[in-house]
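Below: the structure, in structure tokens.
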Amino acid sequence: MTDELNFLLDGVEIPFHKGQTIMQAATAAGAYIPHLCFHPDLAPHGSCRLCIVDVNGKTVSSCTQPAEDRQEVHSNIPELQQARLRLIQLLFAEGNHFCPSCEVSGNCQLQALAYDLGMTHYHYAPFSAVRAQDGSHPELFIDRDRCILCDLCGRASCSSDNKNVYGLSGRGEQTHLIFRSNSGNLADTAASVNDHAAHICPVGCILPKQGNYMQTIGNRLYDNAPIHKVGNHRMDDSTSANKGHTNE
Amino acid sequence: MNKPKVRVATCSLAGCFGCHMSFLDMDEAIIPLIEKIEFDRSPLTDIKSIGTCDIGLIEGGLCNEENKEVLHQFRQHCTLLVAVGACAINGGVPAMRNHFTVDECLEESYLNGLGVIDAQIPSDAELPKLLSKVIPLQSEVRIDYILPGCPPPPQAFLELINAIIEKREPVLDYHNRRFD
């Protein structure tokens, strides 16, 4: 008799230990559940809802749902893939995601998930939101047009960098990325280009001012293989944690 | 008896003609295609008005009143209307002006821009009136098909047109589904 706990994800046995969420266990086992706001090293945020799975006929977010022994979890089913596509389309409609002019294009997790889910258009009318940019920092540029409010930067800043530089403020469609300084400018915080927070953005919101466009089209992270094979990475992310959940 | 050819019209609204260049970039594949299609209004034919067509390929978004007029003509005359490329789908790079008012854009371009000589904002009655925002095609009319990309790859054009001719749904594989 074994004490090992496990659950079934789309029919595949996934081992876990008590306290792990479905997403944490799946990621550790090399199984891919689509996500944007989850990172294995950081506390779950549960905001992007892309990681929704079906557990006993109920739809839950796998990054916040504790795994249970012998549970049957379904992720790769048409209804959930369709719901994920609509969530991605909402994110595209809400922001100003002009891929041809974005330095992260080809390495962007939002774009890669859109490719993987078969997105060809927005479905919803674009908001054309007007959002302030911040170019005050000598090493980093902030393009709030592309922010998807995942708070990965905020969580990484607190728990990896011990700085508490980034945060979210406002409500509903007014929610926006803020920097914790008296002026509100990134330049007046302790932010550095070497921070984990500066390299964890899944889209093109937090950009190092140097070293962009390093890969030609065809050689970027998601040019040739879908994100469910490659995993959620940024090409410039050298942290071992983020390299640890490649699903190949 | 030969099958009648599928009649195709194309135009570029607020775009850069890059999508048309990509269409032509299908190289020798255009030879068997031209056996099946013929062009109506298009920058390739330089015909100014549009006749009854099976497919309308529209590159670019809507930035002025003339763009809207042309789009409505296409919608009226084409059985299937295709939004081709990032600008047609979401406004693309031209829509980056949506952060500013039309006056601010005109002043930056014609009064305060670098290297401007004899600064004045054009006011000829023949110039189409700019819209307050650059908007995608589907904000104005019904769109039947979408070809994403900046520009869409040549193979995507080929797949779409062949699919329509063969009366099946087009399938854009991973390499042909791209936004840049």
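Could you state how much accessible area residue A:80 has, in square angstrom rounded to the nearest 10, with a 1.4 Å probe and all protein chains kept in place? Here the residue's solvent-accessible area equals roughly 10 Å². Look at the dipole of the range A:19-76 built from charges on Cβ: of A:62, A:48, A:75, the Cα furthest out on the positive end belongs to A:48.
Share of the range A:105-225's accessible area from carbon and sulfur, percent, 1.4 Å? Numbers along the way, then the final one.
Details: 2500 of 5240 Å².
Carbon-and-sulfur percentage of accessible area, whole number: 48.
Using the alpha-carbon positions of chain A, Rg (one decimal) and Dmax (whole number) come out as 18.1, 61 Å. Once C-alpha pairs closer than 8 Å and six or more residues apart are averaged by separation and normalised to the residue number of the range A:19-76, the relative contact order reads 38 percent. Taking 17 Å as the cut-off, the amide N atoms of the range A:63-92 that come nearer than this to a point 7 Å along the Cα-to-beta-carbon line of residue B:169 belong to A:77-86. Relative to the dominant Cα principal axis of chain B, helix B:65-77 is inclined by about 20°.
How much of the accessible area of the range A:19-76, probe 1.4 Å, is carbon plus sulfur, in whole percent? Using a 1.4 Å probe with all protein chains present, the range A:19-76 comes out at 42 percent carbon and sulfur.
Remark: relative contact order (chain B) = 25 percent; criterion is Cα-Cα distance under 8 angstrom and separation of 6 or more residues. The orientation-averaged projected area of the convex hull spanned by the Cα atoms of the range B:95-180 comes to 8.9 nm². Under Stokes-Einstein, with the Kirkwood radius over Cα pairs as Rh, the value for the range A:105-225 at 10 °C and 1.306 mPa s is 102 µm²/s.
What order do B:147, B:114 take when sorted by accessible area (1.4 Å probe), most exposed first?
On the way: B:147 0, B:114 180 Å².
Descending order: B:114, B:147.
Residues in the range A:78-95 carry Karplus couplings, in order, of x, 4, 6, 5, 5, 5, 5, 4, 5, 5, 5, 5, 4, 5, 5, 5, 7, x Hz; the curve used is 6.51 cos²θ - 1.76 cosθ + 1.60 with θ = phi - 60°, and Gly or Pro positions show x.
From the P(r) of the range A:19-76, can you give the percent of Cα pairs sitting at distances over 17 Å? More than 17 Å apart: 25 percent of the Cα pairs in the range A:19-76.
For chain B, the longest principal axis of the Cα atoms and the long axis of helix B:154-165 meet at an angle of about 60 degrees. Any idea how far the Cα center of the range A:20-96 sits from the one of the range B:103-166, in Å? Their Cα centres are 37 Å away from one another.
Please identify the GluC sites (Glu not before Pro) of the range B:80-180 that satisfy two criteria: DSSP loop assignment and at most 13 other Cβ atoms within 10 Å. Which are they? Show your work: numbers first, answer last.
Working: sites: B:104, B:107, B:108, B:126, B:140, B:159, B:166; in loops: B:126, B:140, B:166.
Taking the range B:80-180 and a limit of 13 other Cβ atoms within 10 Å, the loop GluC sites (Glu not before Pro) found are B:126, B:166.
Leaving out ligands and nucleic acids, and using a 1.4 Å probe, what accessible area per residue does chain B come to in Å²?
So chain B comes to 53 Å² accessible per residue, rounded to a whole number.
List the accessible area buried at the contact between A and B, summed over both sides and calculated with a 1.4 Å probe, in Å² to the nearest 100. That pair hides around 2100 Å² of surface in total. In this simple spin-label model, placing a label point 7 Å from the Cα along the Cα-to-Cβ direction at both residue A:175 and residue A:236 gives a separation of 2.6 nm.
Percent relative contact order of chain A, based on C-alpha pairs within less than 8 angstrom and at least six residues apart?
Working: 451 pairs, mean separation 47.9, N = 248.
Relative contact order for chain A comes out at 19 percent.
At a probe radius of 1.4 angstrom, the accessible area of the range A:19-76 per residue rounds to 40 square angstrom.
Projecting the Cα positions of B:96, B:114, B:73 onto the charge dipole of chain B (unit charges on Cβ atoms of Lys, Arg, Asp and Glu, taken about the Cα centre) puts B:73 furthest along the positive direction.
For residue A:229, the aspartates and glutamates whose Cα comes closer than 18 Å to its Cα, not counting residues fewer than 8 places off in the same chain, are A:10, A:116, A:237, A:248, B:173. What the Cα atoms of the protein assembly as shown give is an Rg and a Dmax of 24.1, 88 Å. Just so you know, the averaged projected area of the alpha carbon convex hull for chain B sits at 12.1 nm².
Across the accessible surface of chain B, with the other protein chains kept in place and a 1.4 Å probe, carbon and sulfur atoms take up 54 percent.
Here is the short version for chain A: A:51, A:63, A:99, A:102, A:108, A:153, A:158, A:201 have no other Cys C-beta closer than 4.7 Å. For the range B:143-180, a decrease in accessible area of 30 Å² or greater in the assembled protein chains relative to the isolated chain, with a 1.4 Å probe, applies to B:146, B:174, B:175, B:177, B:178, B:179, B:180.
For residue B:162 and residue A:41, what does the FRET efficiency come to when R0 = 56 Å and r is the distance between their Cβ atoms, rounded to the nearest 0.05? Show your work: numbers first, answer last.
Working: r = 47 Å, r/R0 = 0.85.
Working from the Cβ atoms, E equals 0.75.
The values are calculated or read from the model by the stated rules, or taken from the named source; none is laboratory data. Please read these numbers as outputs of a predicted model, since none were measured by experiment. Glycine also receives a Cβ, built like all others from the backbone with ideal geometry; neighbour counts cover every protein chain displayed. We work out accessible area using only protein heavy atoms, side chains counted, and drop any ligands, DNA or RNA first. Shrake-Rupley method; radii C 1.70, N 1.55, O 1.52, S 1.80 Å.
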